[in-house]
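The values are calculated or read from the model by the stated rules, or taken from the named source; none is laboratory data. Computed from a predicted model, the values in this text were never measured in an experiment. Counting neighbours? That spans all protein chains shown, and the Cβs are built from the backbone with ideal geometry, glycine included.
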There are 2 protein chains.
Amino acid sequence: MAQSVPSPDDPLIFPPGTDWIAGGGATSALGWRAAAYAAGLKAGRDDMALLFSDVPATCAALFTSNRVPAAPVQYDRPLAEKGRCRAAVVNVGCANACTGPAGYADTVETGRVAAEAAGVAPDEMLVCSTGTIGRRLAMDRLLAGARALPALLSRDAGAAAARAIMTTDTVPKQAAARFRAGGREYAVGGMCKGSGMICPNLATTLIFVTTDAAVAAPDLKTALREAASRSFNRITVDGDQSTNDTFALFANGAAGGPPLAPGAEGWDAFVQALSAVALSLARQIVRDGEGASKFVTVAVEGAASAADALAACREIANSPLFKAACYGGDPNWGRVISAVGNSGAACEELKTRIWFDDVCVYDRGKIASDADNGRLAGVMRRRAFEVRVDLGMGAFSDAVYTSDLSREYVDINADYTT
Amino acid sequence: MAQSVPSPDDPLIFPPGTDWIAGGGATSALGWRAAAYAAGLKAGRDDMALLFSDVPATCAALFTSNRVPAAPVQYDRPLAEKGRCRAAVVNVGCANACTGPAGYADTVETGRVAAEAAGVAPDEMLVCSTGTIGRRLAMDRLLAGARALPALLSRDAGAAAARAIMTTDTVPKQAAARFRAGGREYAVGGMCKGSGMICPNLATTLIFVTTDAAVAAPDLKTALREAASRSFNRITVDGDQSTNDTFALFANGAAGGPPLAPGAEGWDAFVQALSAVALSLARQIVRDGEGASKFVTVAVEGAASAADALAACREIANSPLFKAACYGGDPNWGRVISAVGNSGAACEELKTRIWFDDVCVYDRGKIASDADNGRLAGVMRRRAFEVRVDLGMGAFSDAVYTSDLSREYVDINADYTT
């Protein structure tokens with residue numbers, strides 16, 4: 001798994017019910033262009049990207065809640081609050097985190113140079129970095145890249161940009177969808193990177209989504225929160241949240257029509273398409289999780305509250321014991337129910353039921369009768385499966401997506417910086 | 001590491017400042033005997049143990065806060081509340097968790113038979129199980145063991161009992177210490193098991209500690225909470241808390257003298273010795289953590305509150321990214337500071353300092369100047385080292401003990417039940 005670019009007809013990544021744009025991404029919406037560049041920050045590959053709207057745009061962004069945010073997060077937060085960014089310059093190889101005032105000055109300088117080269121105001125340009133914590137940026141190379149990128153902008157470079165922002169990712173991640181409002185057709189699409197340090201609280205990793213609809217900045221923030229809550233806030237690879245997580249959403253109105261706004265025509269279609277794109281990108285991250293060999297959907301139903309449902313999902317999805325069992329193909333429902341019991345969610349042994357896909361393994365105090373048959377072994381061999389828990393306590397449900405814990409995860413993270 | 005029985009002069013396990021009893025354990029205190037028996041629950045080894053006081057005793061116990069407690073935990077909780085248990089029968093191989101009313105009845109029957117065979121009242125006998133969740137006990141074998149154990153009781157069998165209660169442990173775990181009060185000499189000693197599913201909130205794993213001092217049951221509970229808070233509540237292997245965790249403390253008064261009580265002579269000496277024994281047992285568990293190759297002390301100082309200090313310790317100690325880096329010998333302080341930032345503890349990039357043992361790697365916004373020298377590589381090759389974080393925010397400190405995340409951890413947990 002995680003070796004090839006997602007197929008446009010893979011229902012795990014592009015679920016039915018959305019009007020997907022095959023091969024689409026951050027430049028599927030009108031007026032958006034991208035560029036990729038090899039600045040020499042990482043050997044032998046593109047390591048910088050620029051995303052750019054030809055016309056002014058509104059923007060909204062969510063950032064990591066880590067109390068040690070990287071310099072670019074500190075820099076971008078007030079810009080995003082202003083709501084008029086139309087571009088983002090991104091580098092990999094160095095997170096520019098924990099680098100003090102000197103590191104912050106590097107980000108300011110990057111933003112200034114990139115904006116000047118692109119012909120926009122400095123406060124229209126977000127600056128994003130990802131990579132190793134604690135190292136200073138190689139500014140000569142970075143600024144050369146910032147100056148070179150605008151000349152390379154193209155509508156066809158969305159995929160190249162998605163590839164340029166990869167770190168330990170093994171495949172680029174893109175999704176785009178169409179929606180209609182007021183007789184017009186719009187597009188919303190994006191790209192993201194990330195496969196380790198994945199446990200979102202707000203946004204996670206680097207995620208850029210664009211649309212050619214017009215949306216006022218405050219409304220864009222509303223839509224962004226809605227989309228993030230059901231996508232990037234519902235995935236986990238290892239329970240860690242990075243210093244650099246950023247989810248930026250831009251709207252440039254290039255498709256025409258009046259601004260979309262909550263309660264008005266087209267708003268629901270916009271939010272629905274945006275949420276689908278965000279969920280697809282989030283699922284792509286899980287599927288490309290560091291060392292992942294399985295895609296596991298953790299679904300909890302029958303919870304006494306929405307908070308209980310989510311807490312139980314997250315506790316299961318973050319349990320190293322459960323994740324290692326998934327890796328080994330072991331249908332270890334004991335670790336599932338133990339995680340539920342640890343989550344703080346109201347639950348009772350005699351009301352709980354557990355399934356692996358369609359095979360019931362635990363039924364209210366007893367091993368389920370069909371748990372021994374060969375179907376269970378078949379489920380555990382699948383690349384993607386669902387563990388579903390019915391708490392029998394109420395009517396609330398939720399789902400979280402996770403990967404397994406493999407030898408390869410340990411290998412990757414045992415020597416990332418060395 | 002984790003291959004041989006701890007040496008009595010290993011300062012990591014038996015720190016100076018306590019009057020350790022070399023080779024001591026749960027039968028070091030007067031009037032305590034133990035027995036081990038091969039009931040056939042696990043092939044080719046002892047798999048049941050009995051701990052027994054020749055005279056009536058008081059007891060107190062802490063149990064898992066998991067909401068799906070195993071049958072023995074449900075059974076023991078009210079017994080421990082009565083405070084007059086003098087014995088415990090233990091089996092491995094089966095946790096008797098999530099087995100419903102039938103499983104609970106099995107525990108009741110085990111306790112009845114074990115008490116009858118040992119010649120005590122049923123409410124004087126705790127019943128403890130550990131092993132796989134969801135399976136029923138092999139009652140014929142278990143009851144045969146319960147009947148056979150009392151005849152095997154001996155003061156010399158402490159080590160054999162400690163060995164009999166091992167599951168994925170690679171070494172038995174014992175500690176005992178002497179203390180003096182009112183001109184008399186007392187002993188406090190114990191045994192425990194556990195190497196996976198280690199992340200205590202109350203008690204964790206199975207832990208049995210005895211003393212020959214007299215202590216009223218409510219006071220014993222006070223001492224137990226104090227000892228647990230600084231030992232078993234400060235270790236983590238994988239962030240999971242089991243369905244069966246139990247920490248039982250017994251006092252039989254066989255050494256004579258008046259009951260020890262808070263505020264009276266000898267109380268502090270008792271609590272100090274008890275805490276030292278509990279801490280030693282807890283450290284032995286970390287050192288024997290599943291797949292562990294490193295013993296890592298995570299120390300946080302300069303925190304704005306006690307809660308902040310502990311939260312930061314725990315977030316670092318539970319980070320799979322940090323633990324995998326420890327396994328790889330990578331001094332990845334970026335993952336340390338990122339975990340601190342995620343912990344919710346008040347912290348600032350420009351006030352934080354980080355050391356690996358005596359080597360400062362991060363100093364308030366900058367990579368420390370001595371981080372590059374060869375000493376750091378030397379620290380990372382050590383079997384045991386400390387990562388120390390000074391938050392520079394206040395005067396509170398704490399420490400948590402953890403192990404690394406290795407390929408072996410994944411291997412062990414990928415096929416535990418199969």
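Summary table below
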read-out	value
Residue list for the stretch A:341-360, filter: in contact (Cβ under 8 Å) with a residue 12 or more places away in the chain and among the hydrophobic types (A, V, I, L, M, F, W, C)	A:Ala345, A:Ala346, A:Cys347, A:Leu350, A:Ile354, A:Trp355, A:Phe356, A:Val359
A:Leu126 vs. criteria within 24 Å of A:Ala251 (Cβ to Cβ), in a strand (DSSP E or B) and touching a strand residue (DSSP E or B) at 6+ places or on another chain (Cβ under 8 Å)	yes
Members of the stretch B:39-83 found to be within 21 Å of B:Ala164 (Cα to Cα) and without any contact (Cβ under 8 Å) to a residue 24 or more places away in the chain, listed by number	B:Ala43, B:Gly44
Check on A:Gly291, within 11 Å of chain B (Cβ to nearest Cβ) and part of a loop (DSSP other than H, G, I, E, B)	yes
Subset of the stretch A:95-128 (residues that are within 14 Å of chain B (Cβ to nearest Cβ) and closer than 21 Å to A:Ile207 by Cβ)	A:Ala95, A:Asn96, A:Ala97, A:Thr107
Pair list, Cβ under 8 Å, 6 or more apart: the stretch B:314-331 residue facing chain A (nearest Cβ under 9 Å), other residue aromatic (Phe, Trp, Tyr) and outside any helix (DSSP H, G or I)	B:Ala325/A:Tyr416; B:Asp330/A:Tyr416; B:Pro331/B:Phe356
Checklist (1) touching a residue at least 60 places away in the same chain (Cβ under 8 Å); (2) surrounded by fewer than 24 Cβ atoms within 10 Å (Cβ to Cβ) applied to B:Arg86, failing item	(2)
Which numbered condition A:Asn233 fails, given (1) assigned to a helix (DSSP H, G or I); (2) in contact with a Gly (Cβ under 9 Å, 6 or more places away or on another chain)	(2)
Filter result for the condition that a residue is surrounded by 23 or more Cβ atoms within 10 Å (Cβ to Cβ), of a type outside the set (D, E, K, R) and more than 25 Å from B:Ser28 (Cβ to Cβ), over B:Leu142, B:Leu149	B:Leu142
Residue check for A:Ala345: more than 19 Å from the chain's Cα centre (by Cα), small (Gly, Ala, Ser), crowded, with 24+ Cβ neighbours inside 10 Å and farther than 21 Å from A:Ala228 by Cβ	yes
Any chance B:Ala304 is at pLDDT 90 or above and within 26 Å of B:Leu405 (Cα to Cα)	no
